[in-house]
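Down below is the structure, laid out as structure tokens.
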Amino acid sequence: MINFNIKPISKHKADELQQKINQKTKPLGALGQLETLALHIGCLQNTLSPTLEKPTIVIFAGDHGITAEGVSPYPQTVTHQMAFNFLAGGAAINVFAKQHHIALKIVDAGVNHDFAAHPQLIHAKIGLGTKNFLIEPAMTEPECQQAIQKGAEIITQIHADGCNTIGFGEMGIGNTSSAAVLMHLLTDIPLQDCVGKGTGLDDNGIQHKFNILQKAVANRNITNTPLTVLSTFGGFEIAMMVGAYLQAAELEMLILVDGFIATAALLVAAKLHPNLLDYCIFTHQSSEKGHQTLLTELKAQPLCHLGMRLGEGTGCAIVYPIILAAVNFLNEMASFEQAGVSGAK
């Protein structure tokens with residue numbers, strides 16, 4: 001198993017950063033959460049002048065055997081069809097990433113389809129989708145560890161290319177089922193509170209999904225350790241995202257956290273290395289049932305609540321300009337002294 005060395009972020013410059021923020025031409029605290037963000041990012045980068053370099057969103061795609069049980073209204077083939085849509089530039093994440101000049105990478109973590117080469121596609125397939133975890137574990141522990149390792153390797157390369165700001169998205173029909181079980185087993189939150197509509201189930205569909213997941217948990221009587229839970233009920237894309245989170249934190253990158261599935265992957269990673277959370281900005285609260293509860297469990301304060309539940313990293317892309325604004329005011333806004341403006345008495 002790969003070992004990660006994740007240090008708490010330095011607070012060495014916190015006082016200087018706060019003083020710099022307070023000296024800007026505004027009343028104390030007038031920029032609200034932007035000031036909190038500026039302080040956080042400055043501490044993370046251990047500088048009074050932080051920068052966001054080559055922001056990138058990585059979408060991990062993988063298929064799930066549990067879809068055979070009718071837990072999603074969409075067929076499994078949608079996973080690879082949407083991967084093609086990402087590569088063709090036609091998805092929501094493509095629109096938002098292009099709008100905000102964010103690089104986009106698509107990773108085949110375990111899609112039940114063989115893709116041809118493409119400049120934006122990273123081939124990292126562990127298998128042709130996971131097994132049906134109602135019947136057997138989703139993956140073996142060696143496969144789980146291989147996925148974590150691959151996720152770490154992908155982030156190492158992106159960081160080596162000059163990126164210091166990263167967000168993660170996912171695509172995988174059935175992956176809200178995996179995320180719900182991971183959340184339930186790693187937090188002891190009742191399963192009923194973790195299971196939502198996913199890609200659009202009605203009330204009967206949600207009840208069926210809950211029944212299947214409840215039976216699956218009972219069938220796979222396991223110890224609730226992070227890697228065992230992940231290998232038993234996770235997806236290849238979720239496991240790869242776990243490795244990506246951990247490596248990004250080790251490399252002291254700023255990490256943007258998307259919605260329910262991305263946060264469930266973060267939960268697994270944070271159970272392994274709690275210091276990881278120091279490097280995270282929670283971009284939004286998804287309207288997928290369970291996400292608010294999971295954010296509360298992680299003591300996270302999301303920046304926005306726009307009623308979104310798409311995944312793909314769309315929350316990261318939508319909220320990125322707010323994060324950029326926090327960095328820009330810190331670096332570019334005049335101080336009272338520079339502007340010749342009288343400060344408060």
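The values are calculated or read from the model by the stated rules, or taken from the named source; none is laboratory data. All of these numbers come straight from a predicted model, not from anything done at the bench. Cβ: placed from backbone, ideal geometry, glycine included. Neighbour counts: every protein chain shown.
Some notes on this structure:
- Some residue of region 128-146 being more than 18 Å from the chain's Cα centre (by Cα), under 30 Å from A325 (Cβ atoms) and part of a loop (DSSP other than H, G, I, E, B): no
- Residue satisfying all of: in region 70-103; in contact with a strand residue (DSSP E or B) (Cβ under 7 Å, 6 or more places away or on another chain) and either among the charged types (D, E, K, R) or touching a residue at least 60 places away in the same chain (Cβ under 8 Å) (or both); nearest to I154 (Cα to Cα) among these: A103
- Selection over region 264-285 of residues that are over 23 Å from A38 (Cβ atoms) and touching a residue at least 60 places away in the same chain (Cβ under 8 Å) gives a count of 7.
- Residues of region 73-114 that turn out to be under 18 Å from F236 (Cα atoms) and hydroxyl-bearing (S, T, Y), as a count: 2
- Scanning region 220-252 for residues that are modelled with pLDDT under 95 and surrounded by fewer than 19 Cβ atoms within 10 Å (Cβ to Cβ) turns up N221, I222, T223, N224.
- Apart from one condition, S287 fits all of (1) in contact with a Leu (Cβ under 7 Å, 6 or more places away or on another chain); (2) outside any helix (DSSP H, G or I); (3) among the small types (G, A, S); the exception is (1).
- Single residue of T47, T56 found to be in contact with a Gly (Cβ under 8 Å, 6 or more places away or on another chain), modelled with pLDDT of 95 or more and of a type in the set (V, I, T): T56
- Subset of region 173-196 [at positive phi and surrounded by 24 or more Cβ atoms within 10 Å (Cβ to Cβ)]: G174
- Scanning region 255-284 for residues that are touching a strand residue (DSSP E or B) at 6+ places or on another chain (Cβ under 8 Å) and either hydroxyl-bearing (S, T, Y) or in a loop (DSSP other than H, G, I, E, B) (or both) yields a total of 5.
- You will find that of G313, G235, the residue that is at positive phi, under 17 Å from the mean Cα position of the chain (by Cα) and not β-branched (V, I, T) is G313 and no other.
- Per the conditions (1) under 22 Å from T67 (Cα atoms); (2) at pLDDT 95 or above; (3) in contact with a Phe, Trp or Tyr (Cβ under 7 Å, 6 or more places away or on another chain); (4) surrounded by fewer than 20 Cβ atoms within 10 Å (Cβ to Cβ), the sole criterion not satisfied by T199 is (2).
- The set of residues in region 293-337 that are buried (at least 21 other Cβ atoms within 10 Å of the Cβ) and of a type in the set (S, T, N, Q) contains only T314.
- Restricting attention to region 190-212, the residues being of a type in the set (A, V, I, L, M, F, W, C) and part of a helix (DSSP H, G or I) number 4.
- Tally of residues being assigned to a helix (DSSP H, G or I), touching a residue at least 40 places away in the same chain (Cβ under 8 Å) and more than 24 Å from Y320 (Cβ to Cβ) across region 1-41: 0
- Hits in region 273-328 - residues which are touching a helix residue (DSSP H, G or I) at 6+ places or on another chain (Cβ under 7 Å), of a type in the set (V, I, T) and either at pLDDT below 95 or farther than 19 Å from A244 by Cβ (or both): T293, I318, V327
- Breaking point among (1) surrounded by 15 or more Cβ atoms within 10 Å (Cβ to Cβ); (2) in a helix (DSSP H, G or I), for K215: (1)
- Remark: pairs (first residue in region 145-166, of a type in the set (K, R); second residue in a helix (DSSP H, G or I) and buried (at least 22 other Cβ atoms within 10 Å of the Cβ); Cβ separation under 8 Å; 6+ apart in sequence or on different chains) = K150/M240; K150/G243.
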